[in-house]
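Structure first, commentary second.
The values are calculated or read from the model by the stated rules, or taken from the named source; none is laboratory data. Because the structure is a prediction, the values reported are computed rather than measured. Every residue, glycine as well, gets a Cβ built from its backbone with ideal geometry; the counts of neighbours run over all protein chains shown.
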Amino acid sequence: MASGDKKPAGPDFTKGIPARDLAEGTMLSGHVGDDEVMLARQGGKLFAVSAHCTHYHGPLADGLLVGETVRCPWHHARFNLRTGEAAAAPALSPLTCWQVEERDGTIVVTSKKVQPAPTATGRANERIVIVGGGAAGFAAAEILRRRGFKGSVTMLSNDSAAPVDRPNLSKDYLAGSAPEDWVPLRSDDWYAENSIQLSLRTEVAAFDAKSKELLLGDGRKIQFDKLLLATGAEPVKLDIPGADQTNVHTLRSLSDCRAIIAQTKNAKRAVVIGASFIGLESASALRARDIEVHVVAPEKRPLERVFGPQLGDFIRALHEDHGVKFHLENGVTAINGNRVTLKNGAPLEADLVIIGVGVRPRLTLAEKAGLAIDKGVTVDRHMETSAPGIYAAGDIARWPDPISGERIRVEHWVVAERQGQTAALNMMGVPTPFRSAPFFWSQHYDVPINYVGHAEKWDAIDIEGDVMKRDCVVRYRLGGRLMAVASIYRDKDSLEAGLEMERHAGKSGGMAD
Ligand SMILES: Cc1cc2nc3c(=O)[nH]c(=O)nc-3n(C[C@H](O)[C@H](O)[C@H](O)COP(=O)(O)OP(=O)(O)OC[C@H]3O[C@@H](n4cnc5c(N)ncnc54)[C@H](O)[C@@H]3O)c2cc1C
Ligand code: FES
């Protein structure tokens, strides 16, 4: 961002640039005063918007133009170029838009545009209740207000913290490189300012889909017209002696993360049980704090089940280069004080233990209410469950994915947010199918890995580039069909793969509900 004496890079758009410098379908970064601005020419029209994504500041000019939207290269957020609106998560805040015109062969940016307030929609007495204050729940509440929903919005969460940027908890925040104010998705005041009744430390015990009544853990009852279930997933616990010790942690919530950080102050050695995303991201965060890290896991290669052998080997080598010691094809049988005993009998010293052996979707509420369940809450493409007016989104939802042609359930931040947004639009009466290609990212030290699509199995892996040189696109195919693409520092390829999958699914009509 422009600050202090640092001048924003690129041409000054108020002075104008030759029109020939911005060909159809291209983008160009420059500035207007201290504001970094991106110009785009698409479909014969000119657009001028903020140059950086409102999620983590990704450079939008390196992204992809699709119709009148731009997709961010880093985590695939989408922005409407005309209005600046964050059209798809993970970005939630809009870009600023400027007036731009072409005169006598010169493109000139003039003033900032003022966007009109949304038109109020829905009935003022309509009640939407959201169970869960995580990715899906928050994104739903946010878009309801952003799109002018007039009724009441209540968000119930059994967490003690207001919605947080959960992916950060195993990355920069755990590593100590993210300031505290990066963690909340919005300030505490934002909820009241937007008439969202956020109740923290509030357990939802049950609901009745017919009478549209919800029962809280303290016995109170709440009526609703539409309900969104967004209860997420919880870490799997290990049933071994010592798993309940105070130096043994799982990582899901801000308070879990704070408890780990508090113990890192005096910890010299840590054992991470599980070579999962959370386990390995935690390992890299702990290495940034100079803690010795041992990873114990049953598999032969970390993350091979998701990424295949080549990326699995790369991830192992990357962590080893940073000093992590792996104990693979092994497990932990007991933790006694600071001593961890492995399956093969070997002892490891650990001041701190993090268990990252996977998560389980929180399905109890949906099961008790008699909703259709199939290893997740079954929803249609509008995210509606088997009970009319009851929606589900995020880690608990199994939806008909038009890209793979299967019903799938994933545990990805961006998917959860977009499903929350989709459910919200449908709840407020705007019919919206969920069609996005599943996307997730993972960060290990300075290496981001992006993944688009969904491949539970594959029969061929094609590699373009060089995995070990951190410059690759890895394509997973089944019966010749492209199922998923993982990439390192090939953001444009990742965006194009997601778009191609969505277009292909659109043509083939996807699958029926
Ligand atoms: C540390 C960490 C790092 C991650 N990093 C990434 C990443 O880099 N990329 C990626 O794609 N994904 C990542 N994920 C996964 C991602 O965070 C999840 O997929 C996403 O949060 C799911 O959103 P959700 O809304 O379904 O559930 P959650 O975000 O878990 O929210 C569920 C909410 O429901 C509440 N709740 C549950 N039951 C009840 C009840 N009975 N009553 C009241 N409230 C209830 C919980 O308190 C919580 O507020 C990460 C997850 C973790 C834990
Ligand atoms: S920085 Fe743009 S989506 Fe994350």
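Annotations
- TYR445 vs. criteria within 17 Å of GLY137 (Cβ to Cβ) and at pLDDT 95 or above: no
- Members of the range 122-145 found to be of a type in the set (A, V, I, L, M, F, W, C) and within 23 Å of the chain's Cα centre (by Cα), listed by number: VAL129, ILE130, VAL131, ALA135, ALA136, PHE138, ALA139, ALA140, ALA141, ILE143, LEU144
- Within the range 178-192, the presence of at least one residue that is assigned to a loop (DSSP other than H, G, I, E, B), modelled with pLDDT under 95, small (Gly, Ala, Ser) and within 16 Å of ligand 1 (Cβ to nearest atom) is confirmed.
- Spans of strands (runs of 3 or more DSSP E) in the range 378-480 with at least 1 residues crowded, with 17+ Cβ neighbours inside 10 Å and polar (S, T, N, Q): 439-444, 447-453
- Criterion violated by ASP172 - all others in (1) acidic (Asp, Glu); (2) surrounded by 12 or more Cβ atoms within 10 Å (Cβ to Cβ); (3) modelled with pLDDT under 95 satisfied: (3)
- Cβ-Cβ under 8 Å pairs, at least 6 apart or on other chains, the range 405-422 side closer than 14 Å to VAL452 by Cβ and at pLDDT 95 or above, far side in a helix (DSSP H, G or I) and among the hydrophobic types (A, V, I, L, M, F, W, C): TRP413/ALA135; ARG418/ALA139
- Of everything in the range 46-69 that is part of a loop (DSSP other than H, G, I, E, B) and touching a Lys or Arg at 6+ places or on another chain (Cβ under 9 Å), the residue that is farthest from ligand 2 (Cβ to nearest atom) is GLU68.
- Enumerated strands (runs of 3 or more DSSP E) restricted to the range 210-292, each holding at least 1 residues that are under 28 Å from LYS343 (Cα atoms) and at pLDDT 95 or above: 233-235, 269-273
- Looking only at the range 73-91, and only at residues there that are aliphatic (A, V, I, L, M) and under 10 Å from CYS53 (Cα atoms), the one that is nearest to ligand 2 (Cβ to nearest atom): ALA77
- Scanning the range 135-151 for residues that are touching a Phe, Trp or Tyr at 6+ places or on another chain (Cβ under 9 Å), farther than 15 Å from THR202 by Cβ and more than 16 Å from ligand 2 (Cβ to nearest atom) returns ALA140, ILE143.
- Inter-residue pairs, beta-carbon under 7 Å, first on the phi < 0 side of the Ramachandran plot and in the range 173-184, second of a type in the set (S, T, N, Q) and within 16 Å of ligand 2 (Cβ to nearest atom), 6+ apart: ALA178/ASN168; TRP182/ASN168; VAL183/ASN168
- Filter result for GLY132 (away from ligand 2 (no atom under 16 Å from the Cβ), surrounded by fewer than 23 Cβ atoms within 10 Å (Cβ to Cβ) and at pLDDT 95 or above): no
- Residues in the range 6-36 that are over 31 Å from the mean Cα position of the chain (by Cα) and of a type in the set (A, V, I, L, M, F, W, C): 6 in all.
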